[in-house]
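The values are calculated or read from the model by the stated rules, or taken from the named source; none is laboratory data. Computed from a prediction, not measured in an experiment: that's the story for all the values here. Every residue, glycine as well, gets a Cβ built from its backbone with ideal geometry; the counts of neighbours run over all protein chains shown.
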Amino acid sequence: WLLLFGAIAATYLWRAVGVLLAYRIDVYGAFFQWVTCVSYAMLAGLIARMALLPVGPLVDVPLFCRLIGIAVGLIAFFSLGRRPLLAVSFGSVTFIALVSVVSA
């Protein structure tokens, strides 16, 4: 019981400290802008690598299917308010539809 309550106290102590310090964090500051840019760059790099240097079953998919999916995702990203989730969703759905048509 002592270990259980010790673990609970340690967990909630750091959560309480986080809550107390959270109001001082500027989410529009330079650090968070940098984090956002790095996350977008990582996502773009992973998508580019999957499209240009595929591995596994993706090797059998024609290049034009992968590139059209990326193009649709980019168009969605810039036309729908720079929302990465929507852009990846549109690109993925387009890619899946193209692969379904080509392989049928």
Within region 72-104, of all residues that are under 16 Å from Ile47 (Cα atoms) and of a type in the set (Val, Ile, Thr), the one modelled with the lowest pLDDT is Val88
The condition from (1) touching a residue at least 12 places away in the same chain (Cβ under 8 Å); (2) under 26 Å from Ser39 (Cβ atoms) that Leu98 misses is numbered (2)
When region 81-98 is checked residue by residue, the ones that are more than 11 Å from the chain's Cα centre (by Cα) and basic (Lys, Arg) are Arg82
Flagged in region 60-86 as among the charged types (D, E, K, R) and over 13 Å from Val99 (Cβ atoms), in numbering order, are Arg82, Arg83
